[in-house]
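Asks: Attaching a single structure in structure tokens format; questions to follow.
The values are calculated or read from the model by the stated rules, or taken from the named source; none is laboratory data. Since the structure is predicted, the reported quantities are computational estimates derived from the model, not experimental observations. Please note: Cβ atoms are built from the backbone with ideal geometry, for glycine as well, and neighbour counts cover all protein chains shown. Areas reflect the complete protein model, heavy atoms only, side chains present, ligands, DNA and RNA absent. Shrake-Rupley method; radii C 1.70, N 1.55, O 1.52, S 1.80 Å.
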Amino acid sequence: MEERICEAVRKAKADYTEVRWEKIFRSRAVFQRDQLMALEATEEQGGIVRALVDGSWGIAVFTDPEELPKKIEEATHLARTASRHVRDKVTLAEVEPVEDRYRGQMERDIRGVSLEEKRKLAETYNRIILEYHPAIVASSVRYADSLRHAIYANSEGTYVEQEVPDVTLMLAAVARKNGDVQQGFESLGFAGGFEKALGHEEKAKAAAKRAVDLLSAKPVKGGRYTVILDQDLAGVFIHEAFGHICEADFLLRNEPMRKIMELGKRFGVENLNVVDDGFVPGARGNCPYDDEGVPRQRVYLIQEGVLTGLLHSRATAHKLATKPTGNARAVSWEHEPIVRMRNTFIAPGPFTFEEMPDGIDYGIYACGAFGGQTEFEQFTFSAAYGYEIVNGKLGEMVRDVVLTGNVFQTLRNIEMIGKDFQLKGSAGGCGKGGQWPLPITTGAPHVRIRDVIVGGR
Ligand SMILES: [Zn+2]
């Protein structure tokens, strides 16, 4: 395949041509209550051609390698036709051609582990949840893995072969008492082999315990409080509320937001550092080369409180007169790469968690992310659970904790950044432009923020 692709790309007649060919292995074992809902392994392969003619893209997808020369012609023809009508011309920022092969580490290759063993593992976690307490009425356990092997070549001489493993685990429990229903869950994701899915019995128990504990937790009292976010929630906040608006393709379509996101502008306290990194050992968001063959960069979005970087593809980098960052990613061979995050996190700061509730008369410690929405500057996040902070001490468990605010105001209101950094993959992934779920990780230490609007559900 390597020879075939390189030769086809060499012969291509467009101004620029690239081919990505992928083989993806996937398997999963899913339990709901005491039922096995899915147990399967699949394999698929396919490729995509992008040709650039006079500033316009033409795209063609294919599943039969024999079709490659024809598909390159097709993409070139589409690009040529489009170039007569498109006024907003694409130019790619220059990059040095590279040649490399990368293979993600797996102690136990997921392809070599039987479906039976995967079923047994999911069943074990499922049983732990179901047997935890009489109030547990339902469970959902989902083990899923994949191995993406991608060959990428372009007409500038870049050739990159990558094999990236991915393993995720969703452990969820539902508890019921007197008509009240509560959920607890743990969501985990790794770049690694089957070994990464082992040994999470305590997490299964924690999910079940949380569902049960929430039955006796009181609903949070709405108000404006100083809030401490745990690592999970702070990480999701920085990805959802801030990371997405650092994606240059979004900013190029949104003039008012582009004016706000001016490099060099202060966005937060001195010790606020926000990073998007293409490689952290074992992290799910790893992509050593992006789907334009650009080597990963560590991008400081915010450095010492100041906006210092944005996330780019080659096209957006050219438009904004900067260098590509390695953030052009596609969820699979059926899609063109668009600007996406990888491992996005708030870097650690100077405070211990014990110091953080100090001086708070009444506040909320918000934990875990249950989902959320952002619309431009505004965000709404549901925490999975929380605790009151009373007179500088953690108090009772509370539920229905929903945080809302303006992302820029919230960043300015960060008062303390903890030392206790955690990077975390979760079982889902990032969605954008119809491409979901893209493996990413989010991370942060504990973060204390003043003046956050907390509402009950
Ligand atoms: Zn996202």
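Asks: What is the Cα centroid distance between the range 183-204 and the range 316-386, reported in whole angstrom?
Replies: Value for the Cα centre distance between the two parts: 21 Å.
Asks: Now a separate question. Sorted by accessible area with a 1.4 angstrom probe, largest first, how do GLU116, GLU66 fall?
Replies: Details: GLU116 80, GLU66 130 Å².
Listed by decreasing accessible area, they come as GLU66, GLU116.
Asks: Lys/Arg Cβ at +1, Asp/Glu Cβ at -1, dipole of the chain taken about the Cα centre: which of ALA175, SER83, ASN343 is farthest positive-ward?
Replies: The Cα lying farthest towards the positive end belongs to ALA175.
Asks: Of the accessible area of the range 2-216, with the probe set at 1.4 angstrom, what percent is carbon plus sulfur? Spell out each step's value before the answer.
Replies: Numbers: 4880 of 10650 Å².
Ligands and nucleic acids excluded, carbon and sulfur give 46 percent.
Asks: Using only the alpha carbons of the range 229-305, determine the length spanned along each of the three principal axes and report them from longest to shortest in whole angstroms.
Replies: Taking the Cα atoms of the range 229-305, the three principal extents are 34, 32, 20 Å.
Asks: Continuing with the same structure: Nearest 10 degrees is fine. How inclined is helix 201-215 to the longest principal axis of the chain, computing both from alpha carbons?
Replies: Approximately 50 degrees, to the nearest 10.
Asks: Please report the carbon-and-sulfur percent of the accessible area for the range 219-455; probe 1.4 Å, protein heavy atoms only, DNA, RNA and ligands left out. Write out the running numbers ahead of the final one.
Replies: Details: 4500 of 8990 Å².
Using a 1.4 Å probe with all protein chains present, the range 219-455 comes out at 50 percent carbon and sulfur.
Asks: Take the Cα radius of gyration of the chain and divide it by 2.2 N^0.38 Å, with N its residue count; two decimals is plenty. Present the calculation step by step, with values, prior to reporting the outcome.
Replies: Working: Rg = 23.5 Å, N = 457, 2.2 N^0.38 = 22.6 Å.
Its radius of gyration relative to the 2.2 N^0.38 Å reference: 1.04.
Asks: Can you compute 3J(HN,Hα) from phi for each residue in the range 378-388, using the Karplus curve 6.51 cos²θ - 1.76 cosθ + 1.60 with θ = phi - 60°, rounded to whole Hz and x for Gly and Pro?
Replies: 3J(HN,Hα) across the range 378-388, in whole Hz: 8, 10, 9, 10, 9, 7, 6, 6, x, 9, 6.
Asks: So, one more: Specify the angular offset, from 0 to 90 degrees and rounded to the nearest 10, of the alpha carbon long axis of helix 2-11 from the longest principal axis of the alpha carbons in the chain.
Replies: 60 degrees
Asks: Then there is this: Excluding ligands, DNA and RNA, what is the solvent-accessible area per residue of the chain at a probe of 1.4 Å, expressed in Å²?
Replies: Spelled out: the 1.4 Å probe surface of the chain, per residue, equals 44 Å².
Asks: What is the set of long-range amide H partners of ARG342 at a cut-off below 5 Å, with H atoms built 1.01 Å from backbone N?
Replies: ASP277
Asks: Could you compute how much accessible surface GLU40 exposes when probed at 1.4 Å, giving the result in Å² to the nearest 10?
Replies: 80 Å²
Asks: What is the ratio of the Cα radius of gyration of the range 219-455 to 2.2 N^0.38 Å, where N is its residue count, to two decimals? Show your work: numbers first, answer last.
Replies: Working: Rg = 17.5 Å, N = 237, 2.2 N^0.38 = 17.6 Å.
After normalising by residue count via 2.2 N^0.38 Å, the value is 0.99.
Asks: Then there is this: What value, in deg cm²/dmol to 500, does the helix sum -39500 (n - 2.57) over DSSP H runs of n ≥ 4 give at 222 nm once divided by the residues of the chain? Display every interim value, and only then the final one.
Replies: On the way: 9 runs with 87 residues, N = 457.
Dividing the helical sum by the residues of the chain leaves -5500 deg cm²/dmol.
Asks: Using θ = phi - 60° and the Karplus form 6.51 cos²θ - 1.76 cosθ + 1.60, what ³J(HN,Hα) does each residue of the range 236-248 get, whole Hz, x for Gly and Pro?
Replies: Those phi angles translate into 5, 4, 5, 5, 6, 7, 10, x, 4, 7, 8, 7, 5 Hz.
Asks: Restricting to Cα pairs below 8 Å that are 6+ residues apart, what does the relative contact order work out to for the chain? Please round to a whole percent. Intermediate results must be reported in sequence, preceding the final value.
Replies: On the way: 1245 pairs, mean separation 71.7, N = 457.
Result for the chain is 16 percent.
Asks: According to the Kirkwood expression over distinct Cα-Cα pairs, how big is the hydrodynamic radius of the range 2-216, in Å? The partial results should precede the final answer.
Replies: Details: mean 1/r = 0.0493 Å⁻¹.
Radius from the Kirkwood sum: 20.3 Å.
Asks: I'd like the Karplus ³J(HN,Hα) series for the range 167-173: coefficients 6.51, -1.76, 1.60, θ = phi - 60°, whole numbers in Hz, and an x wherever there's a Gly or Pro.
Replies: Couplings: 10, 10, 9, 10, 10, 10, 10 Hz.
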